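Just so it is clear, none of the values below were taken in a lab; they were calculated from the coordinates. For clarity, every value in this text was computed on a predicted model and none was experimentally measured.
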Amino acid sequence: MRRVLVMGVALLALAACQKKVESTAAVGEAPAASATASAVSPPKRKPGLWAQTISTNGMTQTMKLCLDEATEAKMTVWGQQAGKDICAKNTVTPAPGGWTFVSECDMGQAGKVATTGKATGDFNSKYVIKATSVTTGSTMAQANGTHEMEMTGTWEGACPANMKPGDMTLPNGMTMNIGSVTGK
């Protein structure tokens, strides 16, 4: 459960990452070879309630996340800060049908994690992130190895009155605020 949560939070940050990349391509289009390069950013998720289903290691769990523009911006800053401090490599690049990403991060006792993947979707109603991570050197033996993960985010409408931006309801019903996890 903890690994799924950590992986989910990390991928939320990655999905929200607004690292600038060189391209003039729109989401879903290949970069034009003759076009003059300019910086574009991956799309932001639409504010509201997102159901995020994470499938990894034969286990599937769904969490709910309440987002507003400010929370999305904070998560973006968190993603860039985490990448700057612990990731030797952290790139997001436009690709046909979406965005690809590659990272190499030193998570201390949790090991070194090399991740590759692709994010697709319109980020207004749905997105899918598929990633493969290879972990080495973790003090938790079960964390080492290759792990496949898929996260599907589906927009469900406005956040309910009992959730504030940044609140995430976990599969066990517990609610936590992403800001408290990220320290932002």
How big is the Cα convex hull of the range 68-182 in projection, averaged over all directions, in nm²?
-> 8.3 nm²
Extension length gain for residue 174 and residue 106 (0.36 nm per residue less Cα distance), in nm, is 21.6 nm
Restraint check, 44/64; 112/164; 64/126, Cα-Cα greater than 22 Å | 112/164
If amide H atoms are built 1.01 Å from N in the plane of the peptide, which residues on other chains or at least 5 residues away come under 5 Å of the amide H of residue 68?
-> 48, 166
Find how much the distance from residue 62 to residue 93 grows on full extension, using 0.36 nm per residue of separation minus their present alpha carbon separation; answer in nm with one decimal.
-> 8.4 nm
Name the long-range amide H neighbours of residue 57: under 5 Å, sequence gap of 5 or more, or other chain; modelled H, no Pro or chain starts.
-> 148
Shape call for the range 134-174, from the Cα gyration tensor axes a ≥ b ≥ c (a/c under 1.5 means rounded, otherwise prolate when a/b beats b/c, else oblate), comes out prolate
In straight Cα distance, which aspartates and glutamates are under 17 Å from residue 130, not counting same-chain residues fewer than 8 positions off?
-> 104, 122, 148, 150
